[in-house]
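To start, the structure itself, in structure tokens.
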Amino acid sequence: MSLTFHWFLPTNGDSRHVVGGGHGTPASPAGQDRPPTIAYLSQIARAAEDLGFVGALTPTGAWCEDAWLTTAMVSRETERLKFLVAFRPGFVSPTLAAQMASTFQRQSGGRLLLNVVTGGESHEQRAYGDFLDKEARYRRTGEFLEIVRQLWQGRTVTVDGEHLSVREAVLARLPEPVPQVYFGGSSPVAAQVAARHADVYLTWGEPPAQVAEKITRLRELAAREGRTLRFGIRLHVITRDTAGQAWAEARRLLDGFDPETVRTVQAGLARSESEGQRRMLALHGGGRDGLEIHPNLWAGIGLVRGGAGTALVGSHDEVAERILEYRALGIEEFVLSGYPHLEEAYWFGEGVLPRLAARGLWRHPSVARPAPVAQVPFAS
């Protein structure tokens, strides 16, 4: 089975340094080094498309540009690349969201994927007029996805739920194909929603043993619902021709972290209600020592950035081996990023993907363009 790789559109800005933000923390000034203009984001998207990434994730929140609008514009500058649009169900009605997805599919040629983000920070949710607590937000997400999926099936929907109600809702035109739903969350209630409604369960880049535990738990929950899930992982990457070069880049990024910024960001993230964010923070404890928490898995990014806070760091062969380690657990999709996103897409696309292709584990999505030939044989 061919592995699937997605890249990331930094709609909060890009830089040769780590751009912070997310989970209730603001984007850092480094994001102004390369502002998230349509021209620059399109440059990244075209590179990702050419290199063989299937899609590109766009984040959601007050710290970045709106994902729906941005990807709609960038889609005009690409041909094949799909867009994994992150959005929060509490901010838009399910009928409107179903209609928006249907329109996006028709106008883009079926290139929409949906990353449903319930929202782990009550103070940020309240800024948007959402005053539910975390548990209630997840229950609302379940109702939301139930309504949306019925609408995509062409049904006329009337629902009086705990949080959402619609009367005789119906779509005039159905999406083709129906967008795949990506969903993450580490709490018990999040796992229940994922088991019932997700197509792909996404986890942040925890060490393999922790990821294995999640996969086992989610498989069991999905089986009780008569469903099966695919699994993906969200990671940063720093991959180079040699391990020394990769770790030198990681050290350069770490040296750019102002101690006061680290303290401020960590204090802000400590307020998070997200179980996944709590697990990310536990990987580094706010310190700069012991950041390689598993071979080639570095937790340094999480010192200044909310959300995904770990990176695969190493030679192209080492990074490929770590990908195979996660694949052995059941991970089929990898959502990756790196600073800056344009250059790191090429490092990974020209360094790691050919090695996976040589093993028959990846192929370029475009039949018209063969996979690049690896310059160095994959280490056995």
- Matching residues in the range 148-176 (over 14 Å from residue 93 (Cα atoms) and assigned to a loop (DSSP other than H, G, I, E, B)) number 10
- Item | Number of positions in the range 195-234 that are more than 17 Å from residue 280 (Cβ to Cβ), part of a helix (DSSP H, G or I) and not basic (Lys, Arg) | 10
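Just checking, which of 324, 291 is crowded, with 17+ Cβ neighbours inside 10 Å, modelled with pLDDT of 95 or more, farther than 25 Å from residue 43 by Cα and in contact with a Leu (Cβ under 8 Å, 6 or more places away or on another chain)? Can you show your working first?
Numbers: 324 fails: crowded, with 17+ Cβ neighbours inside 10 Å.
Residue meeting the stated conditions: 291.
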- Item | Considering residues of the range 52-76 that are small (Gly, Ala, Ser) and in a loop (DSSP other than H, G, I, E, B) only, the residue surrounded by the fewest Cβ atoms within 10 Å (Cβ to Cβ) | 62
- Task: Kindly provide the set of residues from the range 77-97 that are part of a helix (DSSP H, G or I), modelled with pLDDT of 95 or more and small (Gly, Ala, Ser), ordered by number.
- Result: 97
- Query: If you go through the range 245-291 one residue at a time, how many are assigned to a helix (DSSP H, G or I), more than 19 Å from residue 19 (Cα to Cα) and of a type outside the set (A, V, I, L, M, F, W, C)?
  - Reply: 5
- Selection from the range 44-75 of residues that are β-branched (Val, Ile, Thr) and over 26 Å from residue 120 (Cα atoms): 44, 54, 74
- Query: Can you name the condition, by its number, that residue 192 falls short on among (1) of a type outside the set (Lys, Arg); (2) open to solvent by less than 40 Å² (accessible area, probe 1.4 Å); (3) over 22 Å from residue 6 (Cα atoms); (4) not in a loop (DSSP other than H, G, I, E, B)?
  - Reply: (2)
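The values are calculated or read from the model by the stated rules, or taken from the named source; none is laboratory data. A quick note: this is a predicted structure, and the numbers were derived from the prediction, not measured. For neighbour counting, all protein chains shown are included, and Cβ atoms are generated from backbone atoms with ideal geometry for every residue, glycine included. These accessible areas exclude ligands, DNA and RNA; they are computed on the full protein's heavy atoms, side chains included. Shrake-Rupley method; radii C 1.70, N 1.55, O 1.52, S 1.80 Å.
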